[in-house]
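Novice: Shown below is the structure under consideration.
The values are calculated or read from the model by the stated rules, or taken from the named source; none is laboratory data. The structure presented is a predicted model; accordingly, all values stated were derived computationally and were not measured. Please note: Cβ atoms are built from the backbone with ideal geometry, for glycine as well, and neighbour counts cover all protein chains shown.
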Amino acid sequence: MADSTVGVESHDPALRHHFATREQQREASSLGMWLFLGTEIMFFGGMFCAYLIYRYWYYNEFAAGSRSISIKWGTINTIVLICSSLTVALSVRAAQMGKRKLVLLLLSLTMLFGVAFLGIKGIEWYEKFQEHHVPGQSFDASDIVREYPQIHINQQHEQIYFSLYFAMTGLHALHMIIGLGIFLYLTFHTWKGTYTPEYYTPLEIGGLYWHFVDIVWIYLYPLLYLIDRKPLG
Amino acid sequence: MFDNFPLWPARASAGAANVDALYIFLVVLSVFMCIAIFAVIIFFGIKFRRRPGVRAEQIEGSNVLEIGWSIIPFFVFLFIFGWGSFIYFQERTPPRDSREVYVVAKQWMWKLQHEEGPREINELHVPTGEDVKLILTSQDVIHSFYVPAFRIKQDVLPGRYTTVWFRATKPGTYHLFCAEYCGTNHSGMIGDIVVMDPANYAAWLGGAPSVPLADSGQKLFTQMGCSTCHRSDTQGRGPNLVGLFGKPVALEDGRTVTADENYIRQCILNSRGQTVKGFPPIMPVFQGLLSEEQVNELVAYIKALGALQPAKTTTASAADSAEAKVQ
Amino acid sequence: MATTAVTPEREHYLNQQYGIRSWLLTTDHKRIALLYLISITFFFFIGGFFALLIRLELLTPMGDLVQADTYNKLFTMHGQIMIFFFLIPSIPAVLGNFLVPLMIGAKDLAFPRVNLLSWYLYIIAGGLYLHCLLTGGVDTGWTFYTPFSTAFSNTKVIEAGLAIFIVGFSSILTGLNFVVTIHRMRAPGLTWSRLPLFIWSHYATSIIMLLGTPVLAITLVLVVLERAFHLGIFDPKLGGDPLLFQHLFWFYSHPAVYIMILPSMGVVSEIVTCFSRKRVFGYAFVAMASIMIAVIGFLVWAHHMFVAGISLYSALVFSFLSYLVAVPSAIKVFNWTATMYKGSVRFTTPMLYALGFIGLFTMGGLTGLFLAALGIDVHVTDTYFVVAHFHYIMVGGAVMGYLGGMHYWWPKISGRMYPEFLGKIAAVTVFVGFNLTFFPQFILGYLGMPRRYWQYPPEFQVLNVFSTAGATVLAVGYVLPMVYFLWSMRYGAVATDNPWAASGLEWKTTSPPPTFNFDETPEVTWEAYDYANIPAPEEVPVGR
């Protein structure tokens, strides 16, 4: 890294002036995104911590709540997200190979999957709203109480499950929406031709963000949907 | 201790002197360390002040010194830790057979009730020489029961009981402060602890007509219909509560918990989620229907049930399974 | 005095471009540092004004200056403003932003636009907080304890919580920028063991910012949600646990105090070495101590909860770990003192602040030993003893370090010297005023005066009067530098590149530096604090 580029106008439009080489810039961007994802882990981590504690204390209510949300939609959403991560990974590969049209297609598919995920999430939330499982003034889990007469559901504890359900899936959905915004930006710049096989870092780090959001869901899915799915005795 | 310029509050409890002893040790240690470091800095600053033509000597460091001034402070800290923990352990272990006072904190007052019955607001009368255990809860937000003269403090939480104990040694009147910010009149939530020698205390106690707490509890127990299900035989639809207090209880979900004040209180307010194994979840939810003081009365009564009669039955049958669980 | 140069003024980062757009859209880390300087100074004076009102109220035992509700808002907002809008940004956002690239020989931070975003997040958060302040304020205490904050307070908790949430992201992005910059943009030859200790301490601080702040963020989100939608996560009446809030809150807020002190410690290392003209004693130990403080600092949070209702055994663990974290701090104090041994010591204004830091941090740190002792903490927690303890560290420590750093690097930042005599006067005034304000509070605390009290029993009055008197002196000490720094920008002596004859790459460029910092990327072949090879100051002119 001995070359000094101060005073010499860089011929590389993608190399920002404070970096000495493309390599340094790419490594910095990558490290930056990994660190940011680390902060996101701590961010979600606080809620996961609350979730773990309450699940330990109120296991029965968490199990009953988990059975009351739609495993069908949850599983479909999981598949949708995994597919979207696949298209993201493929788009980065396509960018490496300079296939602009393929990148555009894959990015568009990714966003389509993302929108599908959010749409299904909307359906799930609406179902909960209809069943009066949304925490707050109108919360009423007496249907769950009736469903499990032998395990003595405490409605207050049940509300905690649903508070965490909405907070965690809501925060995740918010990150998805931000991700969609990021991918709109990436799609626009791909279309403009900003990215080349030598410079596709934004796609790479945007992809990292999307993968992270996907992984958060991979944790949320079993924690929220799959508690004690074996038949209750 | 200087009367005109006190450095610590009156010592009015058995534990106060222990706390002050550690405090004074730490003050002496701190003064010593401060003087040592300040003196060295000033000495170096003067002795090695810049003088023309004299250059600084570049010294890398000294592993011996580094290890030394890491290890030695660490062991000193360990000593302080041990001493402080010892005091804390005593502070948090109320002796058995302490006299009990139930305290309900609310914005912005203290409501206290002695076992024998007298109720007090923002004032607590106690005798010298007796262990007193406070069982505290809050009606609303977190408060903190602080008596500087006793060197005790305990946060008072809504939704559960916390405890603190002391043994008063010196008659007098001492401040009671709320020490956890609780809203507008936090600084007005103060009171007095009135320590009296045993004779005066007995007089005070006898002077106020009152019903013992457990008796009020018994009355309430019947009034609220508890006795319908919680009978003292095996016929009740709820567990027999005689002798329950302090014993392990097997719950429906497989856990075993100890039937302490918090457990009993939780069951009264909303037993869902911790019903006793073998019993249906039909106990009414009393949250919102009983005041904290009423809950205290019931808890006191149920605790007294343990003391009134031995509760063991030796024959076990299917119908007796409930009773056996309670024991 | 100032000379009007005959030749046209050399171009540097301040005069390279004029106009409001060139400042508000700048990506130059040095300009962003100055933007932060103006912003945090503004909030410092608001927070300081609240402190004065608090001290005035406490002159008398009765509540007679303001109403109880107002007083509760004053101490809440004093705390929130000083911590979130002054202390946490202070050194990192001003001195760190300015100096990190310079000290490592880089042209800017790794992500200049993210740096500007950081400042805008600060401004947006600050604006939201000001709006909250002006439309009713918040009275929960800076600690937002539940269920008071979620279910009982009638003030603008949600707005304050959101403002702090946003400023948290400003902090996170600054930390992220620093870590990537220090990892990836060091000049050739600048190995980790050659880095100035200022960089080590900012690195450690950034790790805490990255790992800790998000937990505060999620905690505030949960509080806001709970308050808005009547959830029950922290409310026992709805099945929740108020202690869960405290654990989540303190998991960030304890490491936060290390965010506030570590950068100051870095400043002190730079100043003490320069004005002893010696390499710091035990460089590796001081560097490692910063990292140890950051790591162990994450393990001690429940020492704020010894009487909160945690188990006896938890308390033992956290007390022990709290003693452990005191060890690296002690190491630093000893190492700084040993640095002066056989040095060539100059008592300039920065050195006075650094020595003041060492003294006051030692006192504050020693009182931490009191608080970590379980038996003592039961008596003094939630009293003025704690208030005195943290002000010794945060004001006697962190703020003095900040002021020392501002004086030390002022020539580099502005190209001018501040007036040395006034600087010394201000340093002494701050030191005296500070001790007069806060030492009596240790005594008040042990005597039993609880904190956050609008009115108090009369026997506490004398010490409170001393404390208030000290506060007025302290205020003078803070206003003085503001006045003469501003004065110096026009009338101060023009500074040379290296007026202190200090080591460090930042002194190898002009004062003020050019926009891109260095005319040529330096190549480092020397160890940190290479004072053996730097000419003594009497051989170097300070000002023209």
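Novice: Being of a type in the set (A, V, I, L, M) and not in a helix (DSSP H, G or I) is the requirement here; does C:Ala217 meet it?
Specialist: When the stated conditions are applied, C:Ala217 does not pass them.
Novice: Report the residue count in region C:456-488 for those that are in a helix (DSSP H, G or I), farther than 16 Å from C:His391 by Cβ and either of a type in the set (Ser, Thr, Tyr) or more than 12 Å from chain B (Cβ to nearest Cβ) (or both).
Specialist: Final tally of qualifying residues: 13.
Novice: Looking at the structure I just gave you, is A:Ile160 buried (at least 18 other Cβ atoms within 10 Å of the Cβ) and either under 23 Å from the mean Cα position of the chain (by Cα) or not acidic (Asp, Glu) (or both)?
Specialist: yes
Novice: Something else about it: Counting only residues that are assigned to a helix (DSSP H, G or I), of a type in the set (A, V, I, L, M) and buried (at least 22 other Cβ atoms within 10 Å of the Cβ), which one in region C:273-325 is nearest to the other protein chains (Cβ to nearest Cβ)?
Specialist: Among those residues, the one meeting the criterion is C:Ala315.
Novice: In addition: Only one of these is in contact with a Ser or Thr (Cβ under 7 Å, 6 or more places away or on another chain), outside the structural domain of B:Pro127 (by TED's automatic domain parsing) and among the small types (Gly, Ala, Ser): B:Ala250, B:Ala259. Name it.
Specialist: B:Ala250
Novice: Out of curiosity, is A:Ile215 closer than 26 Å to A:Tyr59 by Cα, over 16 Å from the mean Cα position of the chain (by Cα) and not small (Gly, Ala, Ser)?
Specialist: No; evaluated as a whole, the condition is false for this residue.
Novice: Enumerate the pairs (first residue in region B:37-63 and within 7 Å of another protein chain (Cβ to nearest Cβ); second residue anywhere and among the small types (Gly, Ala, Ser) and surrounded by fewer than 16 Cβ atoms within 10 Å (Cβ to Cβ)) with beta-carbon separation below 6 Å, excluding pairs fewer than 6 apart on the same chain, so at least 6 apart or on different chains.
Specialist: Note: pairs meeting the criteria are B:Gln58/C:Ala532.
Novice: Can you pull out the residues in region B:30-64 that are assigned to a helix (DSSP H, G or I) and exposed (fewer than 14 other Cβ atoms within 10 Å of the Cβ)?
Specialist: B:Val31, B:Phe32, B:Ile35, B:Ala36, B:Ala39, B:Ile42, B:Phe43, B:Ile46, B:Lys47, B:Asn63, B:Val64
Novice: With the requirement that a residue be facing chain B (nearest Cβ under 7 Å) and either hydrophobic (A, V, I, L, M, F, W, C) or farther than 23 Å from C:Phe144 by Cβ (or both), what does region C:440-455 give you?
Specialist: Within region C:440-455, C:Ile443, C:Tyr446, C:Leu447, C:Gly448, C:Trp454, C:Gln455 qualify.
Novice: Considering each residue of region A:64-100, count those that are within 14 Å of another protein chain (Cβ to nearest Cβ) and under 24 Å from A:Asp214 (Cα atoms), and give that number.
Specialist: Residues that pass the stated criteria total 1.
Novice: Looking for something under 19 Å from the mean Cα position of the chain (by Cα) and either over 22 Å from B:Arg151 (Cα atoms) or of a type in the set (Lys, Arg) (or both) - is there at least one such residue anywhere in region B:68-88?
Specialist: Checked against the condition, which is being under 19 Å from the mean Cα position of the chain (by Cα) and either over 22 Å from B:Arg151 (Cα atoms) or of a type in the set (Lys, Arg) (or both), region B:68-88 yields no hits at all.
Novice: Restricting to region C:227-236, count the residues that are within 14 Å of chain B (Cβ to nearest Cβ) and part of a helix (DSSP H, G or I).
Specialist: Residues in region C:227-236 being within 14 Å of chain B (Cβ to nearest Cβ) and part of a helix (DSSP H, G or I): 2 in total.
Novice: Tally the residues that are among the β-branched types (Val, Ile, Thr) and not in a helix (DSSP H, G or I), restricting the search to region A:160-210.
Specialist: Final tally of qualifying residues: 2.
Novice: As an exercise: evaluate C:Asp235 against (1) within 30 Å of C:Asn533 (Cα to Cα); (2) among the charged types (D, E, K, R); (3) modelled with pLDDT under 95 and give the number of the one condition it does not meet.
Specialist: (1)
Novice: Same structure, new question: Read through the list (1) in contact with a helix residue (DSSP H, G or I) (Cβ under 9 Å, 6 or more places away or on another chain); (2) over 25 Å from B:Ile71 (Cβ atoms); (3) within 14 Å of chain B (Cβ to nearest Cβ), then give the number of the only condition that C:Glu270 fails.
Specialist: Condition not satisfied by C:Glu270: (3).
Novice: With respect to B:Tyr102, is the statement that it is in contact (Cβ under 8 Å) with a residue 24 or more places away in the chain, closer than 19 Å to B:Tyr301 by Cβ and at the interface with chain C (Cβ under 10 Å from one of its Cβ atoms) true?
Specialist: Answer is no for this residue.
Novice: Something else now. Give me the residue from region A:10-35 that is hydrophobic (A, V, I, L, M, F, W, C) and without any contact (Cβ under 8 Å) to a residue 12 or more places away in the chain and, out of that set, farthest from the other protein chains (Cβ to nearest Cβ).
Specialist: Residue satisfying both the conditions and the ranking: A:Leu15.
Novice: Of all residues in region A:76-87, which are in contact (Cβ under 8 Å) with a residue 12 or more places away in the chain and either in contact with a strand residue (DSSP E or B) (Cβ under 9 Å, 6 or more places away or on another chain) or under 18 Å from A:His172 (Cα atoms) (or both)?
Specialist: A:Ile76, A:Asn77, A:Thr78, A:Val80, A:Leu81, A:Ile82, A:Cys83, A:Ser84, A:Ser85
Novice: Moving on to the next point. Need at least 2 residues that are away from chain C (no Cβ under 14 Å) and in contact with a strand residue (DSSP E or B) (Cβ under 7 Å, 6 or more places away or on another chain) per element, so show me which strands (runs of 3 or more DSSP E) inside region B:165-261 make the cut, counting only ones lying wholly within it.
Specialist: B:191-196, B:248-250, B:256-258
Novice: Follow-up question, since we're still on this one. Restricting the search to region C:80-102, which residues are closer than 30 Å to C:Glu527 by Cα, aliphatic (A, V, I, L, M) and either without any contact (Cβ under 8 Å) to a residue 40 or more places away in the chain or buried (at least 24 other Cβ atoms within 10 Å of the Cβ) (or both)?
Specialist: Result: C:Ile91, C:Ala93, C:Val94, C:Leu95, C:Leu99, C:Val100.
Novice: If you go through region B:106-124 one residue at a time, how many are crowded, with 21+ Cβ neighbours inside 10 Å and either out of contact with any strand residue (DSSP E or B) (no Cβ under 6 Å at 6 or more places or on another chain) or within 24 Å of B:Ala10 (Cβ to Cβ) (or both)?
Specialist: Going through region B:106-124 one residue at a time, the tally reaches 4.
Novice: Does any residue in region A:91-109 that is closer than 13 Å to A:Lys192 by Cα come within less than 7 Å, Cβ to Cβ, of a residue that is crowded, with 17+ Cβ neighbours inside 10 Å and hydrophobic (A, V, I, L, M, F, W, C) six or more places away or on a different chain, and which pairs are these?
Specialist: Cβ pairs passing all conditions: A:Val103/A:Ala94; A:Val103/A:Ala95.
Novice: Looking at region C:183-206 only, could you name the residues that are surrounded by fewer than 24 Cβ atoms within 10 Å (Cβ to Cβ) and either part of a helix (DSSP H, G or I) or more than 11 Å from chain A (Cβ to nearest Cβ) (or both)?
Specialist: Correct list: C:His183, C:Arg184, C:Thr191, C:Trp192, C:Ser193, C:Arg194, C:Leu195.
Novice: Got a number for residues in region C:353-392 being away from chain B (no Cβ under 12 Å) and surrounded by fewer than 24 Cβ atoms within 10 Å (Cβ to Cβ)?
Specialist: Final tally of qualifying residues: 3.
Novice: Which members of region A:166-207 meet the condition of being touching a Gly at 6+ places or on another chain (Cβ under 7 Å) and of a type outside the set (Val, Ile, Thr)?
Specialist: A:Met176, A:Gly179, A:Leu180, A:Phe183, A:Leu186, A:Pro197
Novice: Against the conditions (1) under 30 Å from C:Ser511 (Cα atoms); (2) within 14 Å of chain A (Cβ to nearest Cβ), where does C:Thr150 fall short? Just the number, please.
Specialist: The one condition C:Thr150 does not meet is (1).
Novice: Here are some residues: C:Leu216, C:Leu162, C:Leu176. Which one is surrounded by fewer than 24 Cβ atoms within 10 Å (Cβ to Cβ) and among the hydrophobic types (A, V, I, L, M, F, W, C)?
Specialist: Just a single option satisfies the conditions, and that option is C:Leu162.
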